[in-house]
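The values are calculated or read from the model by the stated rules, or taken from the named source; none is laboratory data. Owing to the predicted nature of the structure, the values given are computational and were not obtained by experimental measurement. We place every Cβ from the backbone using ideal geometry, glycine too, and count neighbours over all the protein chains shown.
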């Protein structure tokens, strides 16, 4: 009984923190980027105000759009939300753990991407279409890479559920192996693409011909745009959670024993901070690449993933 | 009594044929309702499939199989004369491969023949390139049944023989070969599904992809059976069979819908459609359901099979040597890319066919579903829901089939729980709604969209200039540029045609010329033929008996 | 009483009468009446008993009945043909035509019923001569040329057959000694074991070439397509299939002698290879000759070559079941092909005239516009030729292929390939023939005798898939004895 | 008895020689003469066998052969030659020498084929059979190497002589007369066929190269 209540509590806490903190995390990243660029940058709470402002504004619908226009942002938002709920943050063994299969998560991200693409095609003008086409292209290699990576993890952890992977990686001493290095590199590549950061896409750039994600949401305004933006923030959190869960599982709390929560929470915040810092440093130090170089970028990630699983085999053979 | 002289015809029903019968039934009903009721050839077609499924002896099996081919050939012929001959060729080829295979003792040769025959009929690479030509030709109901049903019957033959009748002689490489063919079909099928401009052709290509998925599952199961891996066999079979069920439900839905698009707009070329959701909302909604399945999106009917299939591949990769490891990780990559391609294809069909602005006045003036097709599509759509939401239940229903195919296989409960996801999504939706109502502003106001700085369209284009929105070709262009050129070449011709059919036709023409030369022979030359052969025979005789 | 003698005699009497008097139309009607009586007699043969030179075994009786039936339907369609085409020939030549019609039937029955190699040979020669005259009946240059080919090739074939027949007689000497006994099939097959094997083999080669010419096996087929295309349709196409049957049955019987001798340890070679090679040659030559045919009757001439090749192949495979398949194939093909030609005559007369030269595919295409019934019937017949179900040929071909796999697996590969090519080549023509958009014409009546084609088709289906028990026993027993 | 055989051999040999010489002839008239000789010998052989075997049928055969083949047919053929004035040489399809070599080879084949057969207690020895077979094959060869319809007929006729030669040797073989008569009907038809072809003003020559109408139309 107690355990159940604790699990429920932990899950609620996880969900609540993720949802509440998502804008903050984005604000943090923007702040750090600004600092690294030598500017003062917007306040940390800027994203919250942004959302509120959008909620207050009235929502426009292009006259050429169909009735499903309002549906796509909701779809994208819901998909990301569910993904965020599934991916463990500060603790393992959450209520959602049984459903939290890696492949399901990939599917949910694909679902979100699909909804965004359709939203981009909705109005029937050039930019949305171009953005959707490019997004579809990126999706190809991203999914391939993610699946190949999963193979590496599953072979190590003998499980494809995120919880299982995290648990195994935390307890069993896998150590720093070459394959995990490859896997991490590949994972980061895919994460950058999926969250629409530099070098594959520029979240702050609004040059029509270059943008991908922005192009698809170009026609959205008001609360629909708020939904989309909030979904973007959640996606960032979700990905950071994913990477944290798989690659930095140490010190994660167990939902069942309340005593391990504080440590877990603290470590989780630290992990997010570190990742945000790394992300902003990386973004500042790199320039956006041409659209048709992105597939090569992701293809490299795919190959890295395959290498990872192959090296695992070798490592298993040489007993390392 | 009816049947082979002196032997008659034997029927026999078991779990496997029952399952495939269940796959077939709704499509048949739907196709009949959708307007094929009156056609005799259609019912002969159905009869052939039923006979093939219920066959208790080789004659009945081949009879039904070829009857199915013949009837569908006639239907294709009525639709479009061009692909009919190729289709007849493939159909008879599969018959010519199957008949020997049924009589040979259980051996690898028998399996190869079965795989060739059934694979050719199912559109398994490299013998697939007829399918995107032939399946779109007949009326929608028949296309639906061909894509959703006939292909399954071919797979049924493959399953029955590979798993049951030839089980005594099975080799690991059977599975590997099947997996390879399946992977190839997945890649080519999905890629072409993204590139094709014709709606029905794109759907047919996606059929090739799904046949590939099923073949991969079956191949893995064979491989597991041969290497005695019970769990893997179970999950692989689950994947294959569930994929067959799902595909048998959403593909006919899509084909019937495509037929309605054709009926309403007079074309199925995505470059002339657009904005149909406005004129045909019901069709749009049903197509959306089907396409969610085709794109293997979560909460759709197509996701659970992919999910299981990925698990199966991962499970297979854990076993075997370094080559198997490399091979299976490559397979996983191919499946992932294939899934993403299928997703892109689905997005393309929805986004360019049903959303955005019409690209032609026909598309703008389209009227919604007729009654019959509506009923058919609603039926299929309703049947899609349980596959999408309670796949676990279906898998339990299928367990006897799986035990029939792989007696030692044991199956695990499905870890993909769509209902849970729905509940979570419900919570989130409630929260979002609350926030909206609490702090947000209600109401939507229409405003002209910014058309990217293009000039005002002429008055006779009520929906603006079609050329200012992305075309189907344009949407596929990045994929074509990155993958298409590599796999299909610039001309977008299927490699199977380039490397298989074209050379064959060349040989055939050469032989025809030879035959013509013989026919042109004068009387003297004909006498000379006779004479030479006679002398040859006599020589054979003399030497044969003298020596 | 011996109905067989009446059955053989009737046509010749009728031929004499029809040849002497009557307007074309009267002749046609008399023809039909005679054929009807003949059909009755061929049925009666089953119950009559016969001995001596004309001793009918059940197999012969069966094929006799089939021939009678085909003759009857052909004669019925012939009425319409004649009355439509009267103007093209003077009356006395029409008389000749009707006489020939009956003579062909008579020689066919003689060849089937005769229990004597000499009579068989004589019958074949008579048939050859009658057909030759029939082919050159219209006196067109191409017709004369076709007739000339028929003369030369058929004559040579007949000569070789005669030589073979004499050799058989010679080979039977050690067993049966001089006299008629050495020429009767029953006696020969009873004493096959004691015949001179080497001589018998030699004889078989000549028989194969002689009667193979009549059965149009490649490379002896040269006369057939032109002969089919140039003569008056009911005579040279609908009936000529019957002579092919006689020739195939003769080959089968002689093959049986050889097989029995070889089986009994005689010095005869097994006959399989000869038949297999000729059969496959026919199959493949036909397969590649189809695609460039412009004249429908030539086209189906090649298909006849293909079909008799298949039967020869089945006989080459040997064994009761394969021979059963071969015989079944012969029966089905005879019924089907004659029905097809009747439909073709109807179709051609829909487009004007059914006289030679009006059977070009380009001339017939888009039949459904002219008349749905005829179009579908013709399409069904052509489709049935491909051997895909529900065509009856499927059953026989299935039996043959399965036996081939059991007996001689490697032969099943070329057989399957050949069948595949032929079926594809044939099916290619159906589309244009039925559905091609022809220049607009208003639908014409199908003619009263179109139902006959349907009757043929139904018979083919029933015989193949719902064969009555007695027939099964008859055929399988015949196959047993002739294996 | 030995006299019977030796005489039979002798006649058979002469017939074979005639058949062989026909290959070497360029002019129709010569061929016809050779054929006439052949038929003459054949009738004599038939009569001789009839005498040897006391067979009425064989006497009949011999008479028919003499009357029709040795007298009537040659006359008819000569008529045709004169009528169409084909006295000059007819063109051959292959060099004389080659055709004769082939002829020799064919005789070899015939012997080779007949060799293994065991003739127990039959008046017709294997040599006779070999001769008959060679005559048949030579006749066929003649039909092939001559471009002229008439030459083809002559070839066919000599082939048929070979048949009758084999037939008369068979002890008590029924139908011999009937066979030869039936064959003759066929031959008559061949001749009539030539007339038909000629009567039609279609082919200005009997050279068969003018006889490929259908092929040229390529149906």
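In region B:387-495, which helices (runs of 4 or more DSSP H) lie fully inside it and hold 1 or more residues that are buried (at least 20 other Cβ atoms within 10 Å of the Cβ) and away from every other protein chain (no Cβ under 12 Å)? Break it down stepwise before answering.
Working: elements: B:391-405, B:418-439, B:472-479, B:485-488.
In region B:387-495, the matching helices (runs of 4 or more DSSP H) lie at B:391-405.
Give me a count of the residues in region B:534-544 that are at the interface with another protein chain (Cβ under 7 Å from one of its Cβ atoms) and surrounded by fewer than 19 Cβ atoms within 10 Å (Cβ to Cβ). Summing the residues that are at the interface with another protein chain (Cβ under 7 Å from one of its Cβ atoms) and surrounded by fewer than 19 Cβ atoms within 10 Å (Cβ to Cβ) in region B:534-544 gives 2. Against the criterion of being surrounded by 24 or more Cβ atoms within 10 Å (Cβ to Cβ), more than 15 Å from the chain's Cα centre (by Cα) and within 30 Å of residue C:327 (Cβ to Cβ), residue C:112 does not qualify. Taken over region C:440-476, the criterion of being over 22 Å from residue B:2 (Cβ atoms) and touching a residue at least 60 places away in the same chain (Cβ under 8 Å) is satisfied by C:440, C:441, C:443, C:444, C:445, C:446, C:447, C:448, C:449, C:450, C:452, C:453. The residues listed here are A:74, A:9, A:26, A:54; of these, the one that is within 15 Å of the chain's Cα centre (by Cα) and in a helix (DSSP H, G or I) is A:26.
Would you point out which residue out of A:149, A:140, A:111, A:118 is part of a helix (DSSP H, G or I), more than 7 Å from every other protein chain (Cβ to nearest Cβ), out of contact with any strand residue (DSSP E or B) (no Cβ under 8 Å at 6 or more places or on another chain) and buried (at least 24 other Cβ atoms within 10 Å of the Cβ)? Steps first, answer last, please.
Working: A:140 fails: more than 7 Å from every other protein chain (Cβ to nearest Cβ); A:111 fails: more than 7 Å from every other protein chain (Cβ to nearest Cβ); A:118 fails: more than 7 Å from every other protein chain (Cβ to nearest Cβ).
The unique qualifying residue is A:149.
Any residue at all in region C:250-266 that's over 24 Å from residue D:159 (Cβ atoms), within 11 Å of chain D (Cβ to nearest Cβ) and buried (at least 24 other Cβ atoms within 10 Å of the Cβ)? Looking for residues that are over 24 Å from residue D:159 (Cβ atoms), within 11 Å of chain D (Cβ to nearest Cβ) and buried (at least 24 other Cβ atoms within 10 Å of the Cβ), one finds none in region C:250-266, hence no. The lone criterion from (1) more than 10 Å from chain B (Cβ to nearest Cβ); (2) at pLDDT 90 or above; (3) in contact with a helix residue (DSSP H, G or I) (Cβ under 7 Å, 6 or more places away or on another chain) left unmet by residue A:41 is number (2). Does residue A:89 satisfy the criteria of being modelled with pLDDT under 90, over 28 Å from residue A:294 (Cβ atoms) and within 19 Å of the chain's Cα centre (by Cα)? It is true that residue A:89 is modelled with pLDDT under 90, over 28 Å from residue A:294 (Cβ atoms) and within 19 Å of the chain's Cα centre (by Cα).
Quick check: is even one residue across region B:504-526 within 30 Å of residue D:116 (Cα to Cα), modelled with pLDDT of 85 or more and surrounded by 16 or more Cβ atoms within 10 Å (Cβ to Cβ)? No, there is no match, as no residue in region B:504-526 is within 30 Å of residue D:116 (Cα to Cα), modelled with pLDDT of 85 or more and surrounded by 16 or more Cβ atoms within 10 Å (Cβ to Cβ). The residues of region B:433-465 that are in contact (Cβ under 8 Å) with a residue 60 or more places away in the chain and closer than 27 Å to residue A:228 by Cβ, listed by number, are B:463, B:464. Among the residues of region C:192-209, those identified as at pLDDT 90 or above and away from chain D (no Cβ under 11 Å) are C:204, C:207, C:208. For region C:426-472, enumerate the residues that are within 9 Å of chain B (Cβ to nearest Cβ), touching a helix residue (DSSP H, G or I) at 6+ places or on another chain (Cβ under 8 Å) and closer than 30 Å to residue B:507 by Cβ. Hits for region C:426-472 are C:427, C:428, C:430, C:431, C:432, C:434, C:435.
When residue C:419 is tested against (1) in contact (Cβ under 8 Å) with a residue 40 or more places away in the chain; (2) facing chain B (nearest Cβ under 9 Å); (3) touching a helix residue (DSSP H, G or I) at 6+ places or on another chain (Cβ under 6 Å); (4) surrounded by 24 or more Cβ atoms within 10 Å (Cβ to Cβ), just one condition goes unmet, and that condition is (3). Among the numbered conditions (1) more than 11 Å from chain A (Cβ to nearest Cβ); (2) in contact with a helix residue (DSSP H, G or I) (Cβ under 8 Å, 6 or more places away or on another chain); (3) not in a helix (DSSP H, G or I), the only one that residue B:228 does not meet is (2).
Does residue A:244 satisfy the condition of being modelled with pLDDT under 95, within 13 Å of chain B (Cβ to nearest Cβ) and either crowded, with 19+ Cβ neighbours inside 10 Å or under 20 Å from the mean Cα position of the chain (by Cα) (or both)? No. Just one of the listed residues (A:294, A:314, A:281) is within 14 Å of chain B (Cβ to nearest Cβ) and in contact (Cβ under 8 Å) with a residue 24 or more places away in the chain, and it is A:294. Just wondering, is there one or more residues in region C:99-116 that are away from every other protein chain (no Cβ under 13 Å) and farther than 19 Å from residue C:34 by Cβ? Yes - at least one qualifying residue is present in region C:99-116. The condition of being crowded, with 24+ Cβ neighbours inside 10 Å and not assigned by TED's automatic domain parsing to the domain that holds residue C:42 holds for only one of C:151, C:101, that being C:151.
Residues are listed down the side, and each one gets a yes or a no for (1) touching a helix residue (DSSP H, G or I) at 6+ places or on another chain (Cβ under 7 Å); (2) surrounded by fewer than 23 Cβ atoms within 10 Å (Cβ to Cβ); (3) modelled with pLDDT of 70 or more; (4) within 7 Å of chain C (Cβ to nearest Cβ):
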position	(1), (2), (3), (4)
D:108	no, yes, yes, no
D:122	yes, yes, no, yes
D:157	yes, no, yes, no
D:163	yes, no, yes, yes
D:166	yes, no, yes, yes
D:173	yes, no, yes, yes
D:176	yes, no, no, no
D:191	yes, yes, no, no
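None of A:90, A:127 is over 26 Å from residue B:414 (Cα atoms), touching a helix residue (DSSP H, G or I) at 6+ places or on another chain (Cβ under 6 Å) and more than 7 Å from every other protein chain (Cβ to nearest Cβ) except A:90.
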